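Coordinate-derived values only; no laboratory data. The model shown is predicted, which means the values in this text are computed figures rather than measured ones. Here the Cβ positions follow ideal geometry from the backbone for every residue, glycine too, while neighbour counts run over all protein chains shown.
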Amino acid sequence: MRTFAETADRIAATTKKLEKTALLAEYLKSAPVEEAAVAAVFFSGRPFPAWEETTLQVGGTLLWRIVKELSGRSDLELTAAYREHGDLGAVAGAVLPGGTETQSALSKIRLIFREIAAARGPAAKAVLVRKLLSEVSPLEAKYIVKIVTGDLRIGLKESLVEEAIAKAFGGPVKDVQRANMLLGDIGETLRLAAEGRLAEARMRLFHPIGFMLASPAESAEDALSYFQNAWVEDKYDGIRAQAHCSGESVRFFSRTRDEITESFPELPDALAGLPQDVILDGEIVAWSYLADDQPTDNGRDETENLEAPALSEVEGASPVLLKKTTGRALPFSALQKRLGRKKVSEKLMREVPVAYLVFDVLYAGGELVMDRPLRERARILDELLKTRTINHEGREGTRRKTKANPAITQSNLAFDPECLPSTQIIRAPVYQASSPEPLNKSFDDAQARGNEGLMIKDPESPYTPGRRGKSWLKLKRELATLDVVVTAVEYGHGRRIGVLSDYTFAVRDGDRLLNIGKAYSGLTDVEIAEMTKWFLDHTIEDQGFRRTVEPRIVLEVAFNNIMKSDRHSSGYALRFPRIVRLRPDKLPEEADTMERVKEIFQKQSG
Ligand code: AMP
């Protein structure tokens, strides 16, 4: 661990990427392969390989307490050190006395991390963390804490670790990237690179692959400036999920590569029994199977099975693919009730039915299809889901009777129960647009259907895992903004060391202020510097980590939506809040109220 920590310090000391990778490559090459493999994982800021679901579950507060105990420092002294260094790892390095271990092997540290992950409850974890930090040197403790908090803060992204592996063991970077993408394990990738076996890296089913990400588009015009012929889907507001299917085994993984199958027990069954192994990409949403299936003016359900015109020129937004769907997606707030549960009751499944909206395929027919254009992947996907329906109906005939989906009862059916099993797996409808007007119309339609906006995709683009490129664009409009009052502030991290840049804010409820969120992005450095001065002068209580301040500063914040939450006193929380601007023109008495929050919450849930 000592050499690891020394190398990390040296990497932090240079801003030049080439030097960083050179230093890292040199270290990886000189260490025994097993140690280097663990180091590669640690250098990407993780205690465990990316594909693993294991997490340490050791939060900042617990670490703070342990560092405080071991160092014998007061909160005030630690806060001063935190202000100076900007992260808890560096604080640990500066204040801990250090133990007697001279050089702990990285594999030993990894073993202890596994014990910490397996320990139940903060008290049991604290014992192990305390023991570990009391034994190692301050420099080692510095990096152990950084790994535990998930960020080394030495300007080293995983892509640089990949480059360093290529440099250390030879071979093109793209082979290393590919192996890492397939394995989700930079340590295993290093092992293969060291043995010259990178080409042997194979996709492993049930090991999640990185997700392709989208960039924001400002407007329909902006979106079409990237590609002329756009494929358009609704942007559903649920959670992204990668489905790995092999026969009767079906497992779902979230964007953070955690397994989430348990939260959605009704979904695996609906995808079981595919004739081949596949990996699908889509969004799990709360789904209304109810009265929303209203016929439209022309007497047809909007989502009814339309004859899909060929992909030739069609005026306006035309359906590329519209499958028979039965219902509509509900906003995230509805799905929230289903999240983070180990066990889902049948009652809850009935109350909040879910569906998997599939929009991509990554693996099928025994091979990865990510390099093929979306146009081709879409065809593979359609074919797959078609066979599934056929197989499903044949195979499921008797099974459906014995194992009916508890989420769906006759009472909430507005359609043919025979098509039930397939309704939980829905091919996301795709449209085509090549000019702004139909795109804007699609946007309005998507919002009218209760979805967030649009995803605009280049039909010629490959699937690029883990990258935020311009082949997928997202178009959404702010739901609303809220004017809120800052009630507490914290020092920032990294570039924001020493300035009060993290703001907790509240809305009004009669005479009271109730906290509803926390944001740290959106203001300029100059504004933050001015605000820091103001908050220091108007602190009510210095709580070490945090200061409660006079509630006089009004901010306008934007957010994706509002959720119910116990985290703040208002009982609500804003999802992805960001500061739009300071509102010096507003008094706290003019800030938004709980009524307004409830109104927006109702509107988005409606
Ligand atoms: P954002 O979370 O705002 O960055 O938007 C990207 C997210 O939108 C993806 O990660 C998906 O979870 C979600 N999403 C919803 N509908 C789609 C869709 N049709 N295609 C791709 N992503 C979608």
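Structure values in brief
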{"read-out": "Under Karplus coefficients 6.51, -1.76 and 1.60, residue-wise ³J(HN,Hα) of the range 491-499 in Hz, glycine/proline x", "value": "6, x, 10, x, 4, 9, 4, x, 10"}
{"read-out": "Charge dipole (debye, nearest 20) of the chain; +1 at Cβ of Lys and Arg, -1 at Cβ of Asp and Glu", "value": "1580 debye"}
{"read-out": "Peptide ranges 221-229, 584-592 listed from the most packed, as the mean C-beta count within 10 angstrom indicates", "value": "221-229, 584-592"}
{"read-out": "Relative contact order (%) - criterion: Cα under 8 Å, at least six apart; region: the range 1-113", "value": "30 percent"}
{"read-out": "Volume of the Cα convex hull of the chain, divided per residue and given in Å³", "value": "174 Å³"}
{"read-out": "Phi to ³J(HN,Hα) by Karplus 6.51 cos²θ - 1.76 cosθ + 1.60 over the range 249-263, Hz, x for Gly, Pro", "value": "8, 9, 9, 10, 10, 8, 4, 8, 6, 8, 6, 10, 4, 4, 6"}
{"read-out": "Amide H contacts under 5 Å for S461, placed H, 5+ residues apart", "value": "L374, R375"}
{"read-out": "Under-5 Å amide H pairs with G99, H placed in peptide plane, nonlocal only", "value": "V136, S137"}
{"read-out": "Span per principal axis, largest first, for the Cα atoms of the range 2-200 (Å)", "value": "52, 36, 26"}
{"read-out": "For the chain: relative contact order, % (alpha-carbon pairs under 8 angstrom, 6 or more apart)", "value": "13 percent"}
{"read-out": "Cα lying deepest toward the dipole's positive end in the chain, options T423, A334, L271, charges on Cβ", "value": "L271"}
{"read-out": "Dipole-positive endmost among L513, G494, V484 within the range 480-605 (Cβ charges, Cα centre)", "value": "G494"}
{"read-out": "Which of M1, G466, A201, positive extreme of dipole for the chain (C-beta unit charges)", "value": "M1"}
{"read-out": "Among 443-450, 364-371, the order from most to least packed when residues are scored by Cβ within 10 Å on average", "value": "443-450, 364-371"}
{"read-out": "Anchor K441: aspartates and glutamates whose Cα lies under 15 Å away (excluding residues fewer than 8 positions away in-chain)", "value": "E221, E233, D234, E302, E315, E452"}
{"read-out": "Point-charge dipole on Cβ atoms (K/R +1, D/E -1) for the range 2-200, about Cα centre, debye to 20", "value": "260 debye"}
{"read-out": "Rounded to whole Hz, the Karplus (6.51, -1.76, 1.60) HN-Hα couplings of the range 509-517, x for glycine and proline", "value": "9, x, 8, 8, 10, 10, 5, 9, x"}
{"read-out": "Gap separating the Cα centres of the range 266-285 and the range 87-144, nearest whole Å", "value": "41 Å"}
{"read-out": "Lysines with Cα under 29 Å of K386, excluding same-chain neighbours fewer than 8 positions away", "value": "K235, K323, K324, K401, K403, K457, K474"}
{"read-out": "Highest-first arrangement of 144-151, 245-252, 509-516, 536-543, where packing means the average Cβ count within 10 Å", "value": "144-151, 245-252, 509-516, 536-543"}
{"read-out": "Percent RCO, i.e. relative contact order, over the range 32-177, from Cα pairs under 8 Å lying at least 6 residues apart", "value": "33 percent"}
{"read-out": "Amide H within-cut-off set for R581, under 5 Å, with H built and near neighbours excluded", "value": "E556"}
{"read-out": "Two-decimal log10 I(q)/I(0) for the range 480-605, as the Debye equation yields it once each C-alpha is a single scatterer, q = 0.11 Å⁻¹", "value": "-0.34"}
